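Any read-out appearing in this document is the output of simple, stated calculations on the displayed coordinates, not a laboratory observation. These numbers were taken from a predicted model, which means no experiment stands behind them. So basically every Cβ, Gly included, is an ideal-geometry build from the backbone, and we count neighbours across all protein chains shown.
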Amino acid sequence: GNSVTQMEGPVTLSEEAFLTINCTYTATGYPSLFWYVQYPGEGLQLLLKATKADDKGSNKGFEATYRKETTSFHLEKGSVQVSDSAVYFCALSGASKIIFGSGTRLSIRP
Amino acid sequence: DGGITQSPKYLFRKEGQNVTLSCEQNLNHDAMYWYRQDPGQGLRLIYYSQIVNDFQKGDIAEGYSVSREKKESFPLTVTSAQKNPTAFYLCASSIGEGYGYTFGSGTRLTVV
């Protein structure tokens, strides 16, 4: 069945560092791929998405490219800020529902 | 502004009591979902509904019940049969497959 695997956290970086959070998936067909972000005590917010191979989703300086050949959708940001501290979830659209990864906690030091 | 509203934000109940969590959306979305999140954990699907008057069990439906009498509303009842109900509950809605979810801000349930 469909599944998502993302790197375990926590990930701790200094402000202005480069961020990569790895995400790989297993799926039949051509699912849409998503990154969601969850700030403490809140629900999840859609950060970006890509609907087909080689699409690049981007938002708020974050980017991810849908790579069918490597079944990956890694999240990147060139220069992180303290305000980026949150939990990040990779996800894919399955039959009738979205399948989420286990989440990666990101902490940014000033 | 369209959105999805969960209430209350915090809920306390005594062990053995049923409790109902509210979820309302004004996005005109057909599909709605309930997830449970435990500290430091990912999301686990409880129930989902793709259309009014129809719903399906998710991965952890035991001890929970839902109804979908109106398109806008998808309340979740946590029954006394749920062994460990203390958790953060998230409701979401979607316009359809492949479109992603809009989430509510969650209800934190504490059973004492």
One finds the C-alpha centres of the range A:71-110 and the range B:21-43 to be spaced, in Å, by 18 Å
Applied in sequence order to the range B:64-72, the curve 6.51 cos²θ - 1.76 cosθ + 1.60 (Karplus, θ = phi - 60°) yields integer Hz couplings, x standing for Gly and Pro, of 10, 9, 9, 9, 9, 8, 10, 4, 7
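Please report, in debye to the nearest 20, how large the charge dipole of chain A is about its Cα centre when each Lys and Arg carries +1 at its beta carbon and each Asp and Glu carries -1 there.
260 debye
So for the range B:1-109, considering every pair of alpha-carbon atoms, how many percent are separated by more than 24 Å?
16 percent
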Rounded to two decimals, the Debye log10 I(q)/I(0) of the protein assembly as shown (Cα scatterers, no solvent) at q = 0.14 Å⁻¹ is -0.87
Treating only Lys and Arg (+1) and Asp and Glu (-1) as charged, each at its beta carbon, one finds that the range B:17-83 has a dipole about its Cα centre, in Debye to the nearest 20, of 120 debye
For the A:Ala95, B:Asn28 Cβ pair and Förster radius 22 Å, calculated FRET efficiency rounded to 0.05 is 0.45
Sorting B:Gly58, B:Gly40, B:Gln17 by the position of each Cα along the dipole of chain B (Lys, Arg +1; Asp, Glu -1; all at Cβ), the one nearest the positive end of that ordering is B:Gln17
Of the candidates A:Pro10, B:Thr86, A:Phe62, the farthest towards the positive dipole end of the protein assembly as shown (Lys/Arg Cβ +1, Asp/Glu Cβ -1, centred on the Cα centre) is B:Thr86
Projected convex hull area of the range A:29-110, Cα atoms, direction-averaged, in nm², equals 5.9 nm²
For the pair B:Lys57 and B:Lys14, the simple spin-label estimate (label points 7 Å beyond Cα toward Cβ) gives in nm 3.1 nm
For the range A:65-110, using Cα atoms only, the Rg and Dmax in Å read 13.3, 42
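With all pairs of different alpha carbon atoms counted, what Kirkwood hydrodynamic radius in Å does the range A:1-70 show?
13.7 Å
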Which of A:Lys52/B:Lys70; B:Lys57/B:Lys83; A:Lys77/A:Lys97; A:Lys56/A:Lys77; A:Lys52/B:Lys71; A:Lys97/B:Lys9 exceed 22 Å between C-alpha atoms? The answer is A:Lys52/B:Lys70; A:Lys77/A:Lys97; A:Lys52/B:Lys71; A:Lys97/B:Lys9
In nanometres, the difference between 0.36 nm per residue of separation and the alpha-carbon distance of A:Ser14 and A:Glu69 is 16.6 nm
Rounded to one decimal in nm, the spacing of the 7 Å Cα→Cβ label points at B:Glu97 and B:Thr110 is 4.2 nm
